[in-house]
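In what follows, a structure is listed as structure tokens, so that the remarks can point back to it.
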Amino acid sequence: MTDPGPGQGKASTGHVVGKVLLAQLGSGAVIAALFWGIGGSVSAYSAMLGGLICVLPNAFLALRLVVPRRDPGAAALIRAAYLGELGKLALTVLLFSIVFSAVRPLAAGALFAGYIGAFLATFSGFLLHDDSTDRAKSIKNGN
């Protein structure tokens with residue numbers, strides 16, 4: 001099995017991460033629109049806040065993993081992943097705390113529906129596929 005060329009894997013990864021974050025944001029917006037139609041503006045902005053509570057910490061983690069580091073080794077990547085995941089958890093707790101303490105009125109069910117809907121959009125990353133990378137690998141291997 002051959003490795004992708006220099007920078008090819010990183011660009012592909014960053015592209016997929018951006019698409020997943022946009023899918024999460026879009027999912028939160030769609031759920032907010034549904035709640036707006038069903039329950040009004042309070043439900044809508046509660047659902048949108050739930051989606052943002054999911055997207056913002058995930059964006060932080062994505063930046064920690066995708067931004068180039070001085071040390072390109074595996075240990076630096078693992079360290080970035082640990083710190084990114086800890087930061088993501090802390091941001092999630094902080095954002096939920098801020099929303100629950102500062103936003104009145106709030107529809108808690110819509111908030112959690114927006115969060116869960118955006119979270120489930122994370123799995124869309126498994127469906128995203130960079131065909132150009134596969135074509136390059138198959139050409140390089142002579143297939």
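The values are calculated or read from the model by the stated rules, or taken from the named source; none is laboratory data. Just so you know, these numbers come straight off a predicted model, no measurement behind them. Quick reminder, even Gly has a Cβ in these numbers, built from the backbone with ideal geometry, and neighbours come from all protein chains shown.
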Is there a residue in the stretch 68-82 that is farther than 18 Å from residue 25 by Cα, aliphatic (A, V, I, L, M) and within 15 Å of the chain's Cα centre (by Cα)? yes
For residues that are small (Gly, Ala, Ser) and assigned to a loop (DSSP other than H, G, I, E, B), scanning just the stretch 1-44, find the one that is modelled with the highest pLDDT. 40
Take the residues in the stretch 77-105 that are of a type outside the set (D, E, K, R) and buried (at least 17 other Cβ atoms within 10 Å of the Cβ), then tell me which one is nearest to residue 42 (Cα to Cα). 99
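Please count how many residues of the stretch 77-89 are farther than 21 Å from residue 15 by Cα and free of Cβ contacts under 8 Å to residues at least 24 places away in the same chain.
4
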Please verify whether the stretch 64-72 includes one or more residues that are closer than 23 Å to residue 96 by Cα and either touching a Ser or Thr at 6+ places or on another chain (Cβ under 7 Å) or not aromatic (Phe, Trp, Tyr) (or both). yes
When restricted to 56, 63, 52, the only residue farther than 21 Å from residue 114 by Cα and among the hydrophobic types (A, V, I, L, M, F, W, C) is 63
What helices (runs of 4 or more DSSP H) lie completely within the stretch 45-143 and have 1 or more residues being at pLDDT 95 or above and farther than 18 Å from residue 19 by Cβ? 74-102, 108-120
